[in-house]
Each structure stands twice: as structure tokens, then as C-alpha cells.
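Below: one structure, written as C-alpha cells.
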Amino acid sequence: MKNKVAVVGFGMIKFGELFEKSYEDMMSEAYLNALKSVDNGIDQKEIQAAWLGTCIGSIIKREILTGASLAEPLSFMPRPVSRLENACATGSDAFRNACFAVASGAYDVALALGAEKMRDVPPIESLQGVVARGMHPIYARGMTAPAVFAFYANRHMHDFGTTKQQMAYVAVKNHKNGALDPYSHFQRPIKLEDALKAPMVCSPLGLFDCCPVTDGAAAVIITRAELAKKYTDTPIYVAGLGLATDTFNLASKPDFTTFYATVEAGKEAYKMAGIGPDDIDLAEVHDCFTITEILDTEDLGFCKKGEGGKFIEQGNTEIGGKIPINPSGGLKSKGHPIGATGVAQICEISWHLRNEADKRQVSGAEIGLTHNLGGTGSVASVTILSNKQL
Ligand code: COA
């Protein structure tokens, strides 16, 4: 798999409250941006297959989502389109499956597109129940995503002395980065004291510890590595892919200080790429809540277990730091339209690896990592990209 596939086009739309755009509008705009980004041009008929990542389409009462949900608005028929749902890893798993299909030789060129329409209904309708689905009804009572991640925050604070202030540093950094990203939902910096005194959502997580609920779409065009130079002089190669699962059931988790799916997905991706955490120049990780970014930093091996809070407080994850994390603003500031998130992370890393990330550019970036985590930590995916074949 390593070095067999390259990203040759990528694009997204500005994330936010997009009441004026339909699901189809968002997909079409992201797709056109990806087509336009292909330096040497591409005839859209060259794209032989597509993967659509949308997670919660059924909950917002759309018709059944199928491949045709992408094929019709994008005039893609009769070509094959698979629709994929894998919690918050939906977008990156759509990309991963498209990569496997291209690497197998089944297709020369494929599209991975993620889109999610979340703001047309209040968050309580789009998100409540996602976590508790399929479990005993007692779990639905307050068992929202902030409540699940609050378990992790409390336990990490108890075991390792992680502080509310260290979590607030994650929010301050990510809002600062988001202010430099024209695609971010929120585009203004926040102060540490604002994060600390924000209204409580689920103790200890306040408003600024949570990602917002957001609409958005992103698209990536991939091809076999040997064909990449036909489309661009600066292909981004897929060096490593990892996906892992863990128990969904909170009562079955061995502890609340590690996301084991992240650890396993990271191991698989690092092994495939033949590199380790020290070789990564920047990462877009799943900061659905500030505590999650702290755990991600540990679980992906950027610092030791228990030291994530301190590592962030010391500035190691700022743009210009030891390992810049979430230069886009992350889910916290850019937003988290679930199916689009993983694909948008691949766009962000690709901009940096092509030195096209403007004011938020991580200087000299050659290898980048993306990470998603979903369903109470029951699924995680890691992708490693490089601007040269490793
Ligand atoms: N961070 C910063 N500001 C936020 C915010 C966030 N996460 N969410 C909302 N805001 C701001 C809005 O911009 C708005 O500001 P304004 O009044 O100046 O326009 C205000 O707070 C109210 O916005 P609203 O959309 O009505 O918020 P809400 O109270 O309905 O929802 C949360 C707030 C935190 C509950 C909601 O964002 C949430 O559920 N986040 C978590 C999403 C989630 O669980 N995703 C899955 C992760 S696995």
C-alpha cells in the first residue's frame, strides 16, 4: 500500500452554519474546488469511482443515503459510488477505502468526498442519541458526546494532574490557528480567561472545550502513484493507513485515560510508512473536545502517557513548535461536520506539504498525519502523507 497512491487534487468549502446551502450544494462546491485544484487539469470523466462519507444523514431525516446521493448532484452516474459511515472516522475511512481500490489496480483515479449537514436541526436532534444508539435506554439520559468525553477528562485529571487550564490552552491555540484559516467555522482568537469561565456543558468541559456543530464538505482526488505526475508536479503520497476498533460500551472500557483504537491505528499506519512519531512534521488530530487532543497527543506517541497537558502548555504543539497540531484550527475552531472532517484534514495536510498553507504554513513540512476518533473511542483512523515517496 505504501507509496502506491497519490493525492492530486483536493478542495473544501468554508465550514460553518450554512443554512443557505443544501447538502447537494456543499458536495458540488467541494467537488468543483477539488477539480480546479488539479494543476495540469483533469476531465471529470477520468474519475472512475467515488466514496461518499456521510455519518448522520438518516438522523436529520433525509431520504436513505446511497451512492446516488453523490452521483446525481455531481452528474457522476452510472459510475460506482459507495456510501460509507463509520462514526467520526467516516471521512477518513472513505478516503482509506478509495486508496485501497486504487492501490489494487481496480481504478486509476477515484474521488473521496465527505459531507455533513448538521445545522438545519438543533444539536440536540442531530447528535443526541448517536452515542446511545443500540444500548440500554438508560444510556440515552444525558449520554451525549460531551458527557462521554468528560469521563476521560475527569480521569486524566485524577490520574495525571491534567488541569482545566491545560485544556483551555488547547482551545486558545486552536482558535488562534482557526483565525488564520479561511475555511474555519470560527475565525476569531479567544483569551485563556474566556475559555476558563465559559458556560459549563458537562463538568469539567465548558463551551470552549467542545467543538461546535457545523455544516461542511471536502473532496480529494487520488490516483495511482505512477500516474500522478500527469496531473500535478507536486503529488502527495499516501505513506501509511491505519484503522482500529475498540469497545463502544463504556462499561467495558479498561480505563478512561487512553483511546486504544487510536494507539492501534497509529501503530498500523507508522508500520506501513516505516517511520515513527518523531518523523511527523505536523498533525491534524481529532480534538472533538480539548481533552481528546491531549489524549491524542499521547496515544499517537508525540509525548509520554500522562504528559499531554504539560506538552501542550509548554507550546510544543503550536505552529513553530516541536510538533504543530491542528494548524487548521482543528475540530474546535474549524468545526466538525462529521463525514467531512477526515477528508478536510487530508486537504489541510496536503496544503502544508505543498507549502500552500499561507499564514498558517508549517515551515519545511514534508510528512503529515491525520487522525479521527469516533463512537466513544470505538473506532480510530490514522493516515500518513508525504510530499515524497518514503
Ligand atoms: N465553541 C465556541 N463557541 C461556540 C461553540 C463551541 N463549541 N458552540 C457554539 N458556540 C457559540 C455560537 O457561535 C453562538 O455564539 P453567538 O451567540 O455569539 O452567535 C453561541 O455559542 C450559541 O450557539 P449554539 O449553536 O446555539 O450553541 P448550543 O448551545 O446549541 O451548542 C454545544 C453548544 C457546545 C452544546 C454544541 O456546540 C455541541 O454539542 N458541541 C459538541 C458537538 C459534538 O458532540 N460533536 C461530536 C463530537 S464526537
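The values are calculated or read from the model by the stated rules, or taken from the named source; none is laboratory data. Quantities reported herein were computed from a predicted structural model and do not represent experimental measurements. Keep in mind that these areas ignore ligands, DNA and RNA; they rest on the heavy atoms of the full protein, side chains included. Shrake-Rupley method; radii C 1.70, N 1.55, O 1.52, S 1.80 Å.
Computed quantities for the displayed model
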quantity	calculated
Geometric extent, Cα atoms of region 247-334 - Rg, Dmax (angstrom)	13.1, 40
For region 323-374, projected area of the alpha-carbon convex hull averaged over all directions, nm²	3.6
Amide hydrogen neighbours beyond the local backbone of K117, cut-off 5 Å, H modeled	none
Under the Debye formula (equal points on every Cα, no solvent term), log10 I(q)/I(0) of region 171-330 at q = 0.12, 0.13, 0.19 Å⁻¹	-0.64, -0.75, -1.40
Accessible surface of region 252-390 [probe 1.4 Å, protein heavy atoms]: carbon and sulfur percent	46
Length-normalised contact order of the chain in % [C-alpha pairs under 8 Å, at least 6 apart]	26
Heavy-atom accessible surface of region 28-86: percent carbon and sulfur, 1.4 Å	53
Stokes-Einstein diffusion coefficient of region 3-105, Kirkwood radius over Cα pairs, 20 °C, 1.002 mPa s, in µm²/s	146
List F208, F151, F289, ordered by accessible area with a 1.4 Å probe, largest first	F151, F208, F289
Angstrom value of the Kirkwood radius, inverse mean 1/r, which spans all Cα pairs in the chain	20.3
Across K271/K359; K2/K304; K4/K229; K117/K230; K14/K176, pairs whose alpha-carbon gap is larger than 23 Å	K271/K359; K2/K304; K117/K230
Mean separation of Cα contacts under 8 Å, 6 or more apart, over the residue count of region 83-123: relative contact order %	34
Region 338-380, relative contact order [Cα under 8 Å, separation at least 6], %	32
Amide proton proximity set for G16, modelled H, under 5 Å, gap of 5+	D215
Estimated [θ] at 222 nm from DSSP helical runs (n ≥ 4, -39500 (n - 2.57)) normalised by residues in the chain, nearest 500	-9500 deg cm²/dmol
Per residue accessible area in Å² of region 298-390, where ligands, DNA and RNA are left out and the probe is 1.4 Å	27
